1. Can we say ALA120 is buried (at least 21 other Cβ atoms within 10 Å of the Cβ) and not assigned by TED's automatic domain parsing to the domain that holds ASN198?
2. Kindly evaluate ILE40 against the criterion of being in a loop (DSSP other than H, G, I, E, B), within 16 Å of the ligand (Cβ to nearest atom) and modelled with pLDDT of 95 or more.
3. Anything in the range 249-271 that is in contact with a strand residue (DSSP E or B) (Cβ under 8 Å, 6 or more places away or on another chain) and under 24 Å from ASP144 (Cα atoms)? List them, or say none.
4. Does GLN210 meet the test of being more than 30 Å from LYS354 (Cβ to Cβ) and under 15 Å from the mean Cα position of the chain (by Cα)?
5. Filter the range 247-258 for residues that are part of a loop (DSSP other than H, G, I, E, B) and surrounded by fewer than 24 Cβ atoms within 10 Å (Cβ to Cβ) and give the result.
6. Taking the range 259-280 only, how many residues are acidic (Asp, Glu), more than 16 Å from the chain's Cα centre (by Cα) and either buried (at least 21 other Cβ atoms within 10 Å of the Cβ) or outside any loop (DSSP other than H, G, I, E, B) (or both)?
7. Quick test for you: out of GLU280, GLU291, GLU274, pick the one residue that is in contact with a Phe, Trp or Tyr (Cβ under 8 Å, 6 or more places away or on another chain), of a type in the set (D, E, K, R), more than 12 Å from the ligand (Cβ to nearest atom) and within 28 Å of ILE54 (Cα to Cα).
8. Is it true that some residue in the range 83-93 is buried (at least 23 other Cβ atoms within 10 Å of the Cβ), outside the structural domain of THR276 (by TED's automatic domain parsing), touching a strand residue (DSSP E or B) at 6+ places or on another chain (Cβ under 9 Å) and of a type in the set (Gly, Ala, Ser)?
Amino acid sequence: MNGKYKAFWIDDDGFVEVIDQTKLPFIEETVLLKSADDAIVAIKDMIVRGAGVIGNIGALGVYLAVKENQDLKYIVEKSKEIRESRPTAVNLMWAVDIMLEGILNANADVNLLELAKNEAIKICDEDAERSLLISKYGCDIFGDIMKKKNKTSINVLTHCNAGWLAIVDEGSALAPIYEAKRRGIDIHVYVDETRPRNQGANLTAWELTQSDINHTVIPDNTGGYLMQQGLVDVCIVGADRVSANGDVANKIGTYLKALAAKDNDIPFYVAIPEGTLDFEIKDGVRDIPIETRSEDEVKYIKGLNKQGVVEELLLTPLTSKAVNYGFDITPARLVTALITEKGVCKTDENSIYKMFKENK
Ligand code: MRU
């Protein structure tokens, strides 16, 4: 794909331009990343976000470090800083480690900058291929559900944003939805607004609008009621990290949706590419690191006022405390299956190991 993806691209000077996700859906603007430090700020401030794209910008951040300075000590130091810029999405560590391995094992006569650029592009291209495969496996599941229920349309519920702003170039959870549109399936998506940062209301709704996909934004508390009323056929979310035993870390609030889905006998799928798996962590509920972000993301809300100006407003008494866990863990037992580029996989250690370690 030559380093050009929907959410970011390498420009003619070899710098990385990204869509500023903090401004969507109100303002469509890009930010130019010229250094590893720029990539770190973009990840920390969530100018880019979503596990896959965080990993891609992590890889490109290592390439930008090489572009700045080819001293290996500098590259290793910057890679460490990039690796630590957000803690939960393991795609970041996965991608940075692939980059470093390639750089540190390169022959002395190799053009390091070319190598780093090609390696980063390869990671992004392979993610794009993975998301396309996920789109097909996931959409086949939609087909099976419609057949079983003898329906000609399907209602899907999703949480956060797991579209092409989060994984190149189709997404993870949204990938099967895009495929459904291509196959002419009558699909409707319930979009959890996803407080506190509203990735559903701001980003998923924006993506679906761009593709003319029928959707309804719902407050985060609404899903359970919809499920009880038979208005949801399937839930599908992405993930930031899946442990060896199949526990799923995803945006805060995912766990509650999985509980409601279980209670109402509604299938709950998690769509992930390989880079989201963490075989080092055996018990995700216990050991997946969960990011805690600023209280202000809970206390303030951003939106467009009636004069067309983006504003931030305080929602709580100024002195109230707030807590802002970025993610929660959905235990494997609540997940119907993982939808991956290798196919559909049960969430138990044996099945995950077989699909990803024995099936290389
Ligand atoms: O904090 P964010 O916006 O980076 O969180 C993103 C999510 O939780 C997504 O659902 C997740 O990354 C899966 S899609 C790649």
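1. Values: buried (at least 21 other Cβ atoms within 10 Å of the Cβ): yes; not assigned by TED's automatic domain parsing to the domain that holds ASN198: yes.
Yes: the conditions hold for ALA120.
2. Values: in a loop (DSSP other than H, G, I, E, B): no; within 16 Å of the ligand (Cβ to nearest atom): yes; modelled with pLDDT of 95 or more: yes.
No: the conditions fail for ILE40.
3. THR254, LYS257, ALA258, ALA261, LYS262, ILE266, PRO267, PHE268, TYR269, VAL270, ALA271
4. Details: more than 30 Å from LYS354 (Cβ to Cβ): yes; under 15 Å from the mean Cα position of the chain (by Cα): no.
For GLN210, the condition - more than 30 Å from LYS354 (Cβ to Cβ) and under 15 Å from the mean Cα position of the chain (by Cα) - is not met.
5. So in the range 247-258, the residues part of a loop (DSSP other than H, G, I, E, B) come out as 247, 252-253.
Within the range 247-258, ILE252, GLY253 meet the criteria.
6. We begin by selecting, within the range 259-280, every residue acidic (Asp, Glu); these are 263, 265, 274, 278, 280.
Subset that is more than 16 Å from the chain's Cα centre (by Cα): 263, 265, 280.
This time we only want the ones that are either buried (at least 21 other Cβ atoms within 10 Å of the Cβ) or outside any loop (DSSP other than H, G, I, E, B) (or both), so: 263.
Selection size over the range 259-280: 1.
7. Details: GLU280 fails: in contact with a Phe, Trp or Tyr (Cβ under 8 Å, 6 or more places away or on another chain); GLU291 fails: more than 12 Å from the ligand (Cβ to nearest atom).
After applying the criteria, what remains is GLU274.
8. yes
The values are calculated or read from the model by the stated rules, or taken from the named source; none is laboratory data. Note that the structure is a prediction, hence the values are computed from the model and not measured. Cβ sites come from the backbone with ideal geometry, for glycine too, and all protein chains shown count toward neighbours.
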